[in-house]
There are 2 protein chains.
Amino acid sequence: MKPDQRSAFDRRSWPPEEAEEALRAYGCRVTQPRIAVLQALLELGGTVDAATLTERAQRLVPGIHEATVYRTVNTLTEVGIASHVHAGHGPSLVRLGGERQLVAVCDSCGKIEDVPTEPIEALVESMETTTGFRLQPGHFALEGMCARCAQQS
Amino acid sequence: MKPDQRSAFDRRSWPPEEAEEALRAYGCRVTQPRIAVLQALLELGGTVDAATLTERAQRLVPGIHEATVYRTVNTLTEVGIASHVHAGHGPSLVRLGGERQLVAVCDSCGKIEDVPTEPIEALVESMETTTGFRLQPGHFALEGMCARCAQQS
DNA sequence: CTTAATGCAAACACTTTGCACTCCC
DNA sequence: GGGAGTGCAAAGTGTTTGCATTAAG
C-alpha cells in the first residue's frame, strides 16, 4: 500500500461512498469488513476504542474478527479516513477524520470527550519556539478529571 | 497502607535517608529492593521506563524481580516519592518527584524530554473554565517530534 | 514472631503476526 | 485466476496477581 495523495484529512463526515472511493484511490479493496468498520465508526460518531468498534461492526458483519478491525483501522489511518489517539493506560482510540481533534479522557470514570482545539495552539507554538519540540496535539489524549468527577472530589 | 500526610510532593531530590523516612512514615518497610529502586531512580536521574529501571536496580540487588519493581514503583507513587506518566504507545514512565513535571516523548525516535510546565498552565485554566475538565498535566506525556526529528522531516 | 514484601509463574489486557483460505477486482 | 484481505490461533508487549517463602520490625 503506497501513498497516493493526501486525502482531505480533517473531515469528520465520511459518507460511505466517499470513503470507499478514497480506499480505491489508495489502491485498497473495498470489502465487507471494511464497509462494516466504516459504518460502525459513522454510527458511533465519536472517538472509540477497538472493543467498542469491533462489537458494533460485528452487528453489521457477524463474522468479523477483532484482528481484522485492528488491521482495518490501521488501513483507514494510512488512507487518511480515520486517525487514532493514544489514551493513557487504556486502549487506544479511533475516530473518523484527522488528527486535529483533541480528546480528553477522565482518569476517574473513563469518559472520553472531544474538546475544542484552540486552547492548545498556544502551547504548541510555545513549545516549538522554546524547545523545538513539535507537538502533535491530536495524537495523544489529554488526561485529568471530567467536570462531573472533579466536582465529586 | 493508609495515607499519612502529603509528602513534599514536588521535590526532585530524594536523598535515600529521606525517602526511607518517608516510607516509614507511611507505614512501609524499608527493604533491599526498595532501596535499590530508589537508588536506581536517583542514578538514572530522569523519567524512565520500567525496563530501564529494573535493569539498573538489578545491578544493585541482583535478584530483584521485575514484578517487585512494578510494585515498588506503585508504592513510591502512593507515598509521594515518585510519580508515573502515561506515554502514548510505549510503556509508562516513572520518575522521582511529583506530577508537576511535564514530559514530551518523540514519536519518531522515542526520546523522552522534560519540558517546562508554565506553557501548559493556560491550557489547564482554559479547559477548566470552558469545559469543566480538570487537566492533570503531569500525568500524561505530550507527544510529537523532538527538535532533531522535526528538522529531518 | 508477625505480617509486609518478595520471587516466581501464571494470568491479564491490548495489539500484532504467520499462515492457509477467501473473495474482490 | 491472482493477490489483497480475512479468520484463526498463536505470539508479543507491558503490567498485575495469587501464592508460598523470606525477611523487616
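The values are calculated or read from the model by the stated rules, or taken from the named source; none is laboratory data. Bear in mind that the values here come from a model prediction, so they are computed numbers and not experimental data. In this analysis, Cβ positions are derived from the backbone assuming ideal geometry, glycine residues included, and neighbour counts consider all displayed protein chains.
Data for the structure
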quantity: Residue, nearest to B:GLU113 (Cα to Cα), within segment A:103-153, restricted to residues that are among the basic types (Lys, Arg) and more than 7 Å from chain B (Cβ to nearest Cβ); calculated: A:LYS111
quantity: Criterion: modelled with pLDDT of 95 or more and either over 29 Å from B:VAL124 (Cβ atoms) or within 14 Å of chain B (Cβ to nearest Cβ) (or both) - qualifying residue of A:THR72, A:THR52; calculated: A:THR72
quantity: Residues being closer than 17 Å to A:VAL30 by Cα and without any contact (Cβ under 8 Å) to a residue 40 or more places away in the chain - total across segment A:77-98; calculated: 1
quantity: All positions within segment B:62-86 that are touching a Gly at 6+ places or on another chain (Cβ under 9 Å) and farther than 13 Å from B:LEU38 by Cα; calculated: B:VAL85, B:HIS86
quantity: Unique match (being loosely packed, with under 14 Cβ neighbours inside 10 Å and in contact (Cβ under 8 Å) with a residue 40 or more places away in the chain) among A:CYS146, A:CYS109; calculated: A:CYS109
quantity: Residue, nearest to the chain's Cα centre (by Cα), within segment B:49-83, restricted to residues that are crowded, with 20+ Cβ neighbours inside 10 Å, not in a helix (DSSP H, G or I) and not hydroxyl-bearing (Ser, Thr, Tyr); calculated: B:ALA82
quantity: Given (1) within 14 Å of DNA strand D (Cβ to nearest atom); (2) modelled with pLDDT under 95; (3) among the aromatic types (Phe, Trp, Tyr), index of the condition A:TRP14 fails; calculated: (1)
quantity: Index of the failed condition, A:GLU121 passing every other in (1) over 21 Å from B:GLY132 (Cβ atoms); (2) of a type in the set (D, E, K, R); (3) not in a strand (DSSP E or B); calculated: (1)
